[in-house]
Structure formats: structure tokens, C-alpha cells
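S.K.: Questions regarding the structure given below will be posed in turn.
Every number in this text was worked out from the coordinates using simple rules, so none of it is lab data. Not measured: the values here are computed from a predicted model. Methodologically, a virtual Cβ is constructed for each residue, glycine included, from the backbone with ideal geometry; neighbour enumeration extends over all protein chains shown.
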Amino acid sequence: GQLRLAEKTSGGWAIEAVPTATSTSSPDMVVDSRGRPWLGHTRGSDRDVWVSWRDGTIWRHEAPRGVESTIYPSLAIDAADVLHLAATRADPVHHAVRTGANMWTVEDISSGGADVGMALDGSGLPIFAYERFGFLSTSCYVAWWTPADYDGHALGGCGHRNGRKAAIAATGSTYVAI
């Protein structure tokens, strides 16, 4: 259905439709230091990933090139207001960084995965939570950026769930909803 944004005001909740964001699902949201909401969502029946944000009263939209179709995009924003997007359909898991208007740097962090969630650590480096499907089982993985590469580790005790989430506390503790 139509993607909408609800904003708390002094008089209650103001709800507005996000223009051109029809047939969307699985939205994620972050807010930058200027108070602008950024939405990661799918759009259309082909499930292409889009990023939409409100700049004052105008909605703007981008489709990051090089990010394959997805169903669960995940957004994070660092201290310099640089937007990070993690997305996957099943293969591969992508990490995209917005470097300017309609400009994205995209890298693959895993050869396979689904239902990716992402958070940034205190240095602005990403950590990802995603699942991999095997012939008889599903495994959860956590990957974090190191100067050499992404380092992935399997977690036990998880089954198939939609929309994995990762979070990093101010203390540096890392949490993953499995």
C-alpha cells in the first residue's frame, strides 16, 4: 500500500502520504541531524529498493544503482549525516553508502543472505545481521567491518524471521535480534 509518515505534533499526530511511494513494503527509517526523515523501502511489484526523504515540505526519492531488488532494506546514518543502506533479496547482501545526490558506493558483504539488519558502531563502521538458508536449516550471521574485510560469524539458535535487526549501545555492546 501507500507509504505514509506519521509525525508527532503538539496537537497529536500528523500523517502524510509519501508521494510516488506506492505499493511499498518493509520500510525502515532514520532521522538526520537536521531533523529530516529518511525512509528505505521497496517500491512496485519488482520490489526495487528506494530511499525517500523529506527536505522541508518536498519529498525526494532515489533508487540506489547497484543494489538488487530487496524486501527488507535497513538504514543507518553516521555522525557526519552519511546515509548507509543494507539490502538483499537472497544473494548477495549489499552495503551502499550515499556519497552525494544520486551517488552511491555499493559493495557486497556476503555471497548470500536474507533479511538484513544494520547498525553503525561509535566509529561509524557498520555491523550487519542476516540469515543464510541451507538445505536443511537456516543460520544467522553477524558481520562487521574490519580494515581487511567483512568478518562473518554464525550464531546458533535462530530460525527464519523477517527483518533482522542489529544495534550497538553507547557502551559498545552489540545486540542482534534473532
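S.K.: Highest mean first, what order results for 75-86, 30-41, 1-12, 56-67 on Cβ atoms within 10 Å? Show your work: numbers first, answer last.
M.R.: Numbers: 75-86: 18.4, 30-41: 16.1, 1-12: 10.0, 56-67: 13.7.
Highest mean packing first, the order is 75-86, 30-41, 56-67, 1-12.
S.K.: Can you give me the long-range amide H partners of Val18? Hydrogens built in the peptide plane at 1.01 Å from N, cutoff under 5 Å, separation of 5 or more residues or another chain.
M.R.: The list, which skips near neighbours in sequence, is Leu3, Arg4, Leu5.
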